[in-house]
1. Could you tell me whether the stretch 216-225 includes any residue that is over 16 Å from Glu114 (Cα atoms), touching a Leu at 6+ places or on another chain (Cβ under 6 Å) and not in a loop (DSSP other than H, G, I, E, B)?
2. Could you check how many residues of the stretch 62-86 are under 28 Å from Pro232 (Cβ atoms) and either touching a His at 6+ places or on another chain (Cβ under 7 Å) or open to solvent by 60 Å² or more (accessible area, probe 1.4 Å) (or both)?
3. Just one of the numbered conditions (1) touching a Ser or Thr at 6+ places or on another chain (Cβ under 9 Å); (2) open to solvent by 10 Å² or more (accessible area, probe 1.4 Å) is not true of Trp204; which one?
4. Which of (1) surrounded by 22 or more Cβ atoms within 10 Å (Cβ to Cβ); (2) under 19 Å from Glu149 (Cα atoms) does Ser212 not meet, given it meets every other one?
5. Consider only pairs whose beta carbons are under 8 Å apart and that are at least six residues apart or on different chains; among these, list those whose first residue lies in the stretch 56-69 and is basic (Lys, Arg) and whose second residue is open to solvent by less than 40 Å² (accessible area, probe 1.4 Å) and not in a loop (DSSP other than H, G, I, E, B).
6. Go through the residues of the stretch 184-197 one by one and say whether even a single one is assigned to a loop (DSSP other than H, G, I, E, B), of a type in the set (Asp, Glu) and open to solvent by less than 30 Å² (accessible area, probe 1.4 Å).
Amino acid sequence: MKKIRLTGCILIAASAASVCNAGHWTYSGEEGPDHWAKLAPEYSACSGKNQSPINLAGFIEADLKPIIFSYQVGGNEILNNGHTVQVNYAEGSSITVDGIQFSLKQFHFHAPSENQIEGKSYPMEAHLVHSDKDGNLAVIAVMFAKGEENKTLAAAWSQLPGNSEVKQTLTPPVAAEGLLPLNRDYYLFNGSLTTPPCTEGVRWLVMKEPVSASEHQIEIFFHLMHHPNNRPVQPVNARPVLQ
């Protein structure tokens with residue numbers, strides 16, 4: 001099993017807008033979320049008006065078209081970047097939303113959940129990060145509830161790097177499909193990356209139905225991070241949350 005020591009920057013979201021090494025940030029203290037916007041000029045968007053995560057509530061009924069999922073088994077690398085566990089995805093998997101195709105780049109996790117649904121927090125949340133041909137981002141958010149073991153998590157966690165800044169080949173590759181609920185109904189809102197540089201203009205598609213993960217699987221991730229890795233919910237301001 002191939003292990004690669006990484007040097008330089010690991011992007012928490014596969015985006016041309018992401019900034020490498022602009023400033024050290026954490027989830028608490030003087031480099032925590034309340035201070036991100038002041039840590040580096042590149043992080044100024046963290047004080048913007050359309051930030052994520054949010055508490056999804058006050059829903060507006062809309063004619064949301066089904067998301068067309070075209071996923072293959074392509075999760076071929078896993079890394080612990082010190083902020084999350086991320087699985088990088090091979091080319092060839094995508095979603096189509098409103099006629100726009102977004103390629104799946106990676107998925108990663110937060111515990112407890114970053115987004116809330118009508119004030120409810122979940123023990124863990126997955127973000128499946130996609131990009132269209134112009135670099136615009138769409139994130140599928142999936143909540144985890146404690147229950148049966150998740151097979152995709154089991155496959156990924158079995159090859160989990162213990163040390164930060166280590167990238168490891170997943171053999172065999174894992175399937176993102178296993179992170180999705182059977183019911184693909186979703187909420188839609190406009191937001192941002194949930195970590196610096198907090199780039200706005202991200203299309204958020206939050207699955208209404210949670211998926212299950214065992215308590216042990218959630219604890220493995222939490223203990224690896226050594227601390228919660230969720231940004232607090234941000235003001236919704238004038239943004240509609242569609243359903």
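The values are calculated or read from the model by the stated rules, or taken from the named source; none is laboratory data. From a predicted model like this one, the values you see are computed outputs, not experimental measurements. Ideal geometry is used to build each Cβ from the backbone, glycine not excepted, and the neighbour counts take in all protein chains shown. Ligands, DNA and RNA are stripped out before the accessible areas are found, and what is left, the full protein with its side chains, is counted by its heavy atoms. Shrake-Rupley method; radii C 1.70, N 1.55, O 1.52, S 1.80 Å.
1. yes
2. 3
3. Unmet for Trp204, out of (1) touching a Ser or Thr at 6+ places or on another chain (Cβ under 9 Å); (2) open to solvent by 10 Å² or more (accessible area, probe 1.4 Å): (2).
4. Failed condition: (1).
5. Lys65/Val97
6. For the stretch 184-197, residues assigned to a loop (DSSP other than H, G, I, E, B), of a type in the set (Asp, Glu) and open to solvent by less than 30 Å² (accessible area, probe 1.4 Å): absent.
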